[in-house]
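Taking it in order: structure first as structure tokens, then the write-up.
The numbers here are math on the coordinates, done by the rules we state, and not lab data. All values derive from a computational prediction rather than experimental measurement.
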Amino acid sequence: MQSKRQSRGQSKSLRQLAVDALEDLKAVDILVLDVRELSNFTDYMIIASGRSARQVAALAENVVVKAKQAGEPPLGVEGMRGGEWVLVDLGDVVVHVMQPDVREFYQLEKLWSSREVPEQKSPRGVAG
């Protein structure tokens, strides 16, 4: 079992940092899943959509920039070049940014369904 990189408090603040970075650039349908009971490699999965390949890449890049500024550089980033689905691995928080058709096809929400984190409701009407 891989050891956790951060404490629970740190992973919650990193989770919020990622959500804020996504909201900054108008991500659609942000969903935060608490997967601590389902996974030994991460605590939270964040799934969000962008309306185009360019927006998906920009959203993911904003998460990367904000994480680096907070002293938490990503462990890895995959898919940036294509812009259909970008994964940003922040250790205890994994961010998936996808175009809506790709998100619908893979249905990660169903695959990783556990408990949606309720306090992540956005005042701007963004789910999650």
Note to self: Please enumerate, by chain and number, the aspartates and glutamates with C-alpha under 18 Å from the C-alpha of Lys110, excluding those fewer than 8 residues away in the same chain.
What the structure shows: Asp29, Asp34, Glu37, Asp43, Asp101
Check: How high is the relative contact order of the stretch 8-113, in percent, counting Cα pairs under 8 Å that sit 6 or more residues apart?
Finding: 28 percent
Margin query: What aspartates and glutamates does Lys68 reach when the alpha-carbon gap must be under 13 Å and sequence neighbours fewer than 8 apart in one chain are set aside?
Written below: Asp89
Check: How much of the calculated P(r) for the stretch 8-113 lies past 19 Å, in percent of all Cα pairs?
Finding: 35 percent
Checklist line | For the stretch 52-103, fraction of C-alpha pairs farther apart than 13 Å, in % | finding: 50 percent
